[in-house]
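Read-outs throughout are calculated quantities, based only on the coordinates presented, and are distinct from any laboratory measurement. Everything numeric in this text was worked out from a predicted model, so none of it was measured. Don't worry about glycine lacking a Cβ; one is built from the backbone with ideal geometry, like all the others, and counts go over all protein chains shown.
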Amino acid sequence: MADSTGTVFDVVILGGGSGGYACALRAAQLGLTVVLVEKGELGGTCLHRGCIPTKALLHAAEVADSSRESEQFGVRSTFEGIDMPAVNAYKDGVVGRLYKGLQGLVKSRKITYVEGMGRLVGPTAVEVDGQRYEGRHVVLATGSTPKTLPGLDIDGTLVLNSDHAIKLDFVPASVVVLGGGVIGCEFASVWKSFGADVTIVEALPHLVSMEDEQASKALERAFRKRKIGFELGSRFSGVEKSEKGVKVSLENGKTIEAELLLVAVGRGPVSQELGYEQVGVEMERGFVKVDEHCRTNIDTISAVGDLIPTPQLAHVGFGEGIMVAERLAGLDPAPIDYDGVPRVTYSEPEVASVGITEARAKEKYGDDAVESLTYDLAGNGKSQILRTAGFVKLVRQKDGPIVGIHMVGSRVAELVAEAQLIYGWEAYPDDVASLIHPHPTQTEAVGEAHLALAGKPLHAHG
Ligand SMILES: Cc1cc2nc3c(=O)[nH]c(=O)nc-3n(C[C@H](O)[C@H](O)[C@H](O)COP(=O)(O)OP(=O)(O)OC[C@H]3O[C@@H](n4cnc5c(N)ncnc54)[C@H](O)[C@@H]3O)c2cc1C
């Protein structure tokens, strides 16, 4: 059945965030006809409320730290404070330029871009404002939204989520951050650098608890040194609001007063009242269920990005969108190895990893079949120059390949691309040890860790 304009497209994509627009761009590149439906702004969470604006704030935070600490490097300067409207203008400028570029890309690939709230109305159709768009295939990419806890009302003034925090036009004197995951730690890091008193409350025993425990502990040490407070293994029990701010109560009886509370307890899928159930799309806890090629239980419908229960990362959305587009164009893309996707927390210091943690490796291969090595950044010249502490930790199967790389320190996010190749290559320590890394760079720490694990340490004590 054709739509009211008579056209049947190859693919109709619902949602123009990382997953949806990547699928649209790749599908169009492969010669498919594409409709992309977006109710808000093309680029979605990552571009407008996520990756890009937070990383701009984190860069401004780094500049603030550099100017405050410049005397350590023999440079005299005076830190006079944060001009939040100017920081936001810088951040919005970055977002604006990328947004414009992305709009141009979509236009240049001849994608039919439809502005409006879409709804799935059949296995091959999406409706927007009464207009039906029919496709050989539909891709659901409606993303995610910030979650809260039962009874915790986000008012956008005293109790914020990340959508509000990204737009804040002042530096709060003090903040409680509820949730010590990636988003919570990144905002905690920004606000501390901007001069706020910050306390993180986390129910689990560690910050960034999905990371290798050694990395979590190193981040906790660094945050302690930066005087970022945290309450680990502490559950939130309530919040009282007053003219002065918020009083947050924990189940252990403690209370913390602050000007603001940021709720960063995770993100949930946007899947309600969009016709998914009615059309028969199988879901679990609100996430759309898919197979390893992002196919739902309905032949003509795929789903990608934060809407499906895979890591909630922009680059995962890109990868899934591209894979679906290639499959629909008749290619035979390989399924994604989600362990091989790099993960980064862009706080100061950064935490970056790929592959599996030491604990998971031991579960998978057995305690005696796993070997690990931690190379301290103290032995790395460039890290000394930057005055950063941290490590590169390798996890390998004994007499087998590297299965995990975990790093902590300023700028280690830039090392994770090499780590990803090492993991993907199923390299042995000797394979990497023979590669000469440029001196003095932090990448040398990756090389040195492999030298040490191969039994020929160079700049390593003990
Ligand atoms: C504060 C923060 C920081 C982050 N930092 C990083 C980072 O540094 N690196 C990283 O990799 N990831 C980061 N993320 C995660 C990243 O933003 C998401 O993983 C990514 O945006 C998911 O893409 P998506 O396409 O699945 O969903 P989204 O980006 O949420 O896009 C979904 C789109 O669908 C649209 N939509 C929804 N319903 C409808 C409808 N009915 N009709 C039409 N359109 C609809 C929405 O308007 C939205 O634009 C961050 C997230 C946050 C919140």
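Some observations on this one:
- In region 159-265, Rg over Rh equals 0.94, where Rg is the alpha-carbon radius of gyration and Rh the Kirkwood radius from pairwise Cα distances.
- Percent of Cα pairs exceeding the 16 Å cut-off, where the set is region 127-173: 62 percent
- Between the residues Ser216, Leu25, Met84, the greatest Cα displacement towards the positive end of the dipole of the chain, with unit charges on the Cβ of Lys, Arg, Asp and Glu, is found for Met84.
- Given charges at beta-carbon only (K, R positive; D, E negative), |dipole| of region 349-453 in Debye: 300 debye
- Annotation note: trypsin sites (Lys or Arg not before Pro) in region 356-402 located in DSSP loop regions with a Cβ neighbour count of at most 16 within 10 Å are Arg387, Lys398.
- Couplings 3J(HN,Hα) for region 269-279, derived from phi with the Karplus relation 6.51 cos²θ - 1.76 cosθ + 1.60 (θ = phi - 60°), are x, 8, 9, 8, 6, 10, x, 4, 4, 4, 7 Hz, where x marks Gly and Pro.
- Assigned charges on the beta-carbon of Lys, Arg, Asp, Glu; the chain dipole about Cα centre (debye): 720 debye
- Applied to region 61-78, the Karplus parametrisation 6.51 cos²θ - 1.76 cosθ + 1.60 on θ = phi - 60° returns per-residue 3J(HN,Hα) values of 5, 5, 5, 4, 4, 4, 6, 5, 9, 4, 4, 4, 10, x, 10, 8, 8, 10 Hz, with x for Gly and Pro.
- In the chain, helical runs assigned H by DSSP with n ≥ 4 each contribute -39500 (n - 2.57); averaged across all residues and rounded to the nearest 500, the mean residue ellipticity at 222 nm is -9500 deg cm²/dmol.
- Lacking any other cysteine beta-carbon closer than 4.7 Å, the following Cys residues of the chain have no compatible partner: Cys23, Cys185, Cys294.
- Cα centroid separation - region 35-71 against region 208-236, whole Å: 23 Å
- Farthest towards the positive end of the charge dipole of the chain, among the residues Leu262, Ser144, Val121, is the Cα of Leu262, using unit charges on the Cβ of Lys, Arg, Asp and Glu.
- Each of Gly366, Ser162, Ala449 was scored by the projection of its Cα onto the charge dipole of the chain, and the greatest displacement toward the positive side belongs to Ser162; charges sit on the C-beta of Lys, Arg, Asp and Glu.
- Distances between placed amide hydrogens fall under 5 Å for Val370 paired with Lys398, all partners being 5 or more residues away or on another chain.
- nm² value of the averaged projected area, convex hull over the Cα atoms of the chain: 24.6 nm²
- Percent antiparallel among DSSP beta bridges (both partners in region 28-184, rounded to 5): 65 percent
- Fewest neighbouring Cβ atoms within 10 Å first, the residues Phe73, Phe223 line up as Phe73, Phe223.
- Karplus-derived 3J(HN,Hα), 6.51/-1.76/1.60, for each residue of region 330-341, Hz, glycine and proline x: x, 7, 10, x, 6, x, 7, 8, 5, 5, x, 8
- What the Kirkwood sum gives for region 349-453 is a hydrodynamic radius of 13.4 Å, with every pair of different alpha carbons counted.
- For Ile52, Ile13, order by how many other beta-carbon atoms lie within 10 Å, fewest first: Ile52, Ile13
- For Cys46, Cys51, Cys294, order by how many other beta-carbon atoms lie within 10 Å, fewest first: Cys51, Cys46, Cys294
- About its Cα centre, region 159-265 has a charge dipole of approximately 320 debye under the convention of +1 per Lys or Arg Cβ and -1 per Asp or Glu Cβ, with nothing else charged.
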